[in-house]
Each structure stands twice: as C-alpha cells, then as structure tokens.
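Only one structure is covered here, and it is reproduced in the block below.
The values are calculated or read from the model by the stated rules, or taken from the named source; none is laboratory data. This one's a predicted model, so the numbers in the text were calculated from it and none came from an experiment. Cβ: placed from backbone, ideal geometry, glycine included. Neighbour counts: every protein chain shown.
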Amino acid sequence: MAKRIVVVASGRGSNFQAVIEALQRGSIPAVCVALVTDNPKAYAIERAQAAVIPVVVVDYALFASRELYEQALLEALRKARPDLVVLAGYMRILGSAIVREYARKMINIHPALLPSFTGLHAQRQALLHGVKVTGCTVHFVDERLDGGPIILQRCVRVMDEDDEDILANRILIQEHIALPEAVRLFCEDRLSIEGRKVKTC
Ligand code: GRF
C-alpha cells in the first residue's frame, strides 16, 4: 500500500519540490498527505498549494514556549498519520518527544558529508575547514544533532574559487537527487537499520 509521507520544511522548499516531482513521476510508492511548516512565510507553502498538498502551519512565533510549540507540532504530525516524516530544510532542532515517537520513521537531509559539519551553515564550515570534497547526507533522525544512521550520501568537489553560495548550489543539485532516492528506498521497505548502519536491499 502507498505510504503516507509528511514533509516538514521551514523555507524555500526546493528539496520538498524534488520529492513532489518524484511522486508526480510515480517514482515513489507514496502520497504526500501534508506539508507542515513552522513558518507562515515559507515558500514551501506555495509549492504545496501548486501540488494540491494540504498545508498545516504551526507558527513558532504564536507559542508562549518551545514546549507548547513542540506539542502543537506533534499534534499536527499525529493528525496526518505519517508512515514517514521527511525533514526537508526544517531549521529547528526537534524535541525528544517527537524524535522518539517517529524513531526509524523520520529522515533529514543535511548539506555536508556527516559526521563532518553538523548544525547550521554546513557549507560555510566546509569552506572554512578547507576540505576538497563535501556533499550531502540523508539520515534517520535520532536524538543526536545530525547524528542518526546514514541512509545515503552524495559528494561534490570543492573548488578554490567557491564561495558559500556557489558551493551550496552545487550541493543542492545532489540533495535533490539524494532525498527522493532515500524516500523511495524507505517507501519500498528496502531499508533496515542495524546499529549505526543502514542496509539497503
Ligand atoms: C538544504 O540545504 C538542506 O540540506 C538544509 O536546508 C536547506 C533547505 O533548502 N537542511 P530547501 O528549503 O530544501 O530549498
């Protein structure tokens, strides 16, 4: 049966778009049942509307505390009954209640070859460190920051003349391949987690 996917995004949503297009092509046996966003101005909302995907805004600014926000976010996710939650540019750290509830059912895309350059501005970190190769990682989400079991990675070269934007765009091209691919593998029940390792069959 087709899996139910919920995408959580805070901004531009180009990775969300890549997943939408893979769904529209029929490459992923799933249906995107909701976009959940913490940001009422996220461009991802327009992308969802264009694809006729329901949007749920849980506006971070409207909550008195982080705990109340997290509760509302968890409620929004529960209502959508996802088989898979895809963090596609969700710019906050998730609380442990949500992470635990969706253990092994939540994935994230990060613009570096983990475990290098966790957290924000991964592309800037890569440039400052002087690495010659970086890339992107899709991983299961657990309570470690960008630290869950790795599903797949794609690399890009770093050129001497790169600035942050040029490098970010080169990585983004690979993200748009990696994320739909990982979603597809999950939805085809082809991933198994053994300790830190994710095996693909
Ligand atoms: C991507 O680089 C993603 O890896 C990171 O945030 C960015 C989101 O871009 N987590 P977009 O909103 O998918 O265009």
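A few comments on the model shown:
- Qualifying residue in segment 139-147 (condition: modelled with pLDDT of 95 or more and part of a helix (DSSP H, G or I)): no
- Within segment 126-134, the presence of at least one residue that is part of a strand (DSSP E or B) and not hydroxyl-bearing (Ser, Thr, Tyr) is confirmed.
- Of the helices (runs of 4 or more DSSP H) lying entirely inside segment 6-123, those carrying at least 2 residues that are in contact with a strand residue (DSSP E or B) (Cβ under 6 Å, 6 or more places away or on another chain) and either within 16 Å of the ligand (Cβ to nearest atom) or of a type outside the set (Phe, Trp, Tyr) (or both) are 14-25, 43-50, 66-80.
Each row is one residue, and each column tells you yes or no for (1) touching a helix residue (DSSP H, G or I) at 6+ places or on another chain (Cβ under 9 Å); (2) among the hydroxyl-bearing types (Ser, Thr, Tyr); (3) more than 17 Å from Ile109 (Cβ to Cβ).
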residue: Cys136; (1), (2), (3): yes, no, no
residue: His139; (1), (2), (3): yes, no, no
residue: Val158; (1), (2), (3): yes, no, yes
residue: Ala168; (1), (2), (3): yes, no, no
residue: Gln174; (1), (2), (3): no, no, no
residue: Phe186; (1), (2), (3): no, no, no
residue: Lys197; (1), (2), (3): no, no, yes
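- Within segment 4-43, the set of residues being among the charged types (D, E, K, R) and surrounded by 19 or more Cβ atoms within 10 Å (Cβ to Cβ) comprises Asp38 only.
- Single match in Leu185, Leu179 (criterion: surrounded by 17 or more Cβ atoms within 10 Å (Cβ to Cβ), outside any loop (DSSP other than H, G, I, E, B) and touching a residue at least 60 places away in the same chain (Cβ under 8 Å)): Leu179
- For segment 114-146, the set of residues classified as buried (at least 19 other Cβ atoms within 10 Å of the Cβ), of a type in the set (Ser, Thr, Tyr) and within 23 Å of Leu84 (Cβ to Cβ) consists of Thr137 only.
- Residue among Leu84, Leu94 that alone is buried (at least 19 other Cβ atoms within 10 Å of the Cβ), of a type in the set (A, V, I, L, M) and in contact with a Phe, Trp or Tyr (Cβ under 6 Å, 6 or more places away or on another chain): Leu84
- Residues (more than 13 Å from the ligand (Cβ to nearest atom), among the charged types (D, E, K, R), out of contact with any strand residue (DSSP E or B) (no Cβ under 9 Å at 6 or more places or on another chain) and closer than 26 Å to Asn169 by Cβ) located in segment 124-147: none
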